[in-house]
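Engineer: Here's a structure for you.
The values are calculated or read from the model by the stated rules, or taken from the named source; none is laboratory data. Remember, it's a predicted structure, so these values are computed and weren't measured experimentally. For neighbour counting, all protein chains shown are included, and Cβ atoms are generated from backbone atoms with ideal geometry for every residue, glycine included.
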């Protein structure tokens, strides 16, 4: 007797039958809801270091003395209209010198206003109050200028003045300024070098300049460089950078130079410097004939140079030029050009007598000259 075989569907058919057996409205169960991760617990504070606390204290104490200087220009809206408008023309930094309203900054920060009456200045204090400012004195050779504002004394907090003669490479410094228009920015670093020389706006050499790696960018100009006691030791004035932005090399005019110049700018509007009493030729004239030194063109009547018998440059009846005295040394220091002469005299005082060595008609002569005040 043959038993009937039980026939099982193929695997494919079994799968089909299984799916067909599911309810028509069956849904795939949703995955469990994901729980958001909890924030990590914050570590307990360990307290600020003594160095951090000192930096914070210096900034909080000194920043009210630092100001933002804004230059604006008056322009016509169009050539056919009498309507004018004011547009921002530049900005920089300065600091309060005294409670009489004097503010110190770089000359190049206010140069536009000095040279063009269309420009005006305003000083914005730490409390954001704004005050019209006028330039009452400037010294392009040192890149220093003094402004005056009519703010009440209680709003003005002068910086503590330090010295720059005892500075040391490696000591910590802080700079406060307004780089790129960002108010009250603090950067820190060290003194990278001392006794540097940079060229001023006028082309003259500023000597004894402080080099620092504290970040100094456009807008920091005119701001204070402070030591770890919060004293002013320099005025930030320039950067060395191929790109025009911070590259780790900044320069500041030393505080001793600033303290010598500022009182004169406040009193006289300019620096009264010791001079020989001569007018010098352009340095290119001597270079064209292969000479070095400072060529005397004119001698001022009544000056120390006239009393010492210095000879000016003249023309004879045929129009030929007779060169005057050529100054080659002062107090034994070489004079290669007029800038060298000004640099040497800048370290002297009015009334000092200096030994001046010169070339007169091919012969070397040394004469004493008493320095007088510049006019």
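Engineer: Within segment 150-164, which residues are free of Cβ contacts under 8 Å to residues at least 60 places away in the same chain and outside any loop (DSSP other than H, G, I, E, B)?
Structural biologist: Hits for segment 150-164 are 153, 154, 155.
Engineer: Can you confirm whether segment 358-365 contains a residue that is loosely packed, with under 14 Cβ neighbours inside 10 Å and under 15 Å from residue 304 (Cα atoms)?
Structural biologist: no
Engineer: Another one. In segment 358-375, which residues are touching a residue at least 60 places away in the same chain (Cβ under 8 Å), out of contact with any helix residue (DSSP H, G or I) (no Cβ under 8 Å at 6 or more places or on another chain) and in a strand (DSSP E or B)?
Structural biologist: If the condition is that a residue be touching a residue at least 60 places away in the same chain (Cβ under 8 Å), out of contact with any helix residue (DSSP H, G or I) (no Cβ under 8 Å at 6 or more places or on another chain) and in a strand (DSSP E or B), then 358, 359, 368, 373 are the ones that fit.
Engineer: Among what's in segment 106-133 and is out of contact with any helix residue (DSSP H, G or I) (no Cβ under 8 Å at 6 or more places or on another chain) and assigned to a loop (DSSP other than H, G, I, E, B), pick the residue that is surrounded by the most Cβ atoms within 10 Å (Cβ to Cβ).
Structural biologist: Out of the qualifying residues, it is 106.
Engineer: Tell me whether segment 259-267 contains one or more residues that are over 22 Å from residue 145 (Cβ atoms), in contact (Cβ under 8 Å) with a residue 40 or more places away in the chain, in contact with a strand residue (DSSP E or B) (Cβ under 7 Å, 6 or more places away or on another chain) and not assigned by TED's automatic domain parsing to the domain that holds residue 298.
Structural biologist: no
Engineer: Here is a follow-up. Can you tell me which residue in segment 341-353 is nearest to residue 293 (Cα to Cα), limited to those that are touching a residue at least 60 places away in the same chain (Cβ under 8 Å) and outside any loop (DSSP other than H, G, I, E, B)?
Structural biologist: 341
Engineer: Any idea which of 324, 336 is outside the structural domain of residue 203 (by TED's automatic domain parsing), surrounded by 13 or more Cβ atoms within 10 Å (Cβ to Cβ) and closer than 17 Å to residue 367 by Cβ?
Structural biologist: 324
Engineer: Go through segment 74-91 and report how many residues are in a strand (DSSP E or B) and either under 16 Å from residue 134 (Cβ atoms) or modelled with pLDDT under 75 (or both).
Structural biologist: Here the count works out to 10.
Engineer: One residue is enough: does segment 134-149 have a residue meeting the conditions in a loop (DSSP other than H, G, I, E, B) and farther than 27 Å from residue 198 by Cβ?
Structural biologist: Yes, that holds for at least one residue.
Engineer: Go over the candidates 355, 348 one by one and state the one that is modelled with pLDDT of 95 or more, within 22 Å of residue 302 (Cβ to Cβ), surrounded by fewer than 19 Cβ atoms within 10 Å (Cβ to Cβ) and out of contact with any helix residue (DSSP H, G or I) (no Cβ under 9 Å at 6 or more places or on another chain).
Structural biologist: 355
Engineer: Restricting the search to segment 87-133, which residues are within 19 Å of residue 264 (Cα to Cα) and more than 20 Å from the chain's Cα centre (by Cα)?
Structural biologist: 98, 99, 100, 101
Engineer: If you don't mind, there's one more thing I want to ask. Starting from residues that are assigned to a loop (DSSP other than H, G, I, E, B) and out of contact with any helix residue (DSSP H, G or I) (no Cβ under 6 Å at 6 or more places or on another chain), keep the ones in segment 92-105 and report whichever is nearest to residue 223 (Cα to Cα). Before the answer, list the steps.
Structural biologist: Kept after step one, since they are assigned to a loop (DSSP other than H, G, I, E, B), are these residues of segment 92-105: 97-101.
Still in the list and also out of contact with any helix residue (DSSP H, G or I) (no Cβ under 6 Å at 6 or more places or on another chain): 97-98, 100-101.
Working: 97: 12, 98: 15, 100: 19, 101: 16 Å.
Per the stated criteria, the residue is 97.
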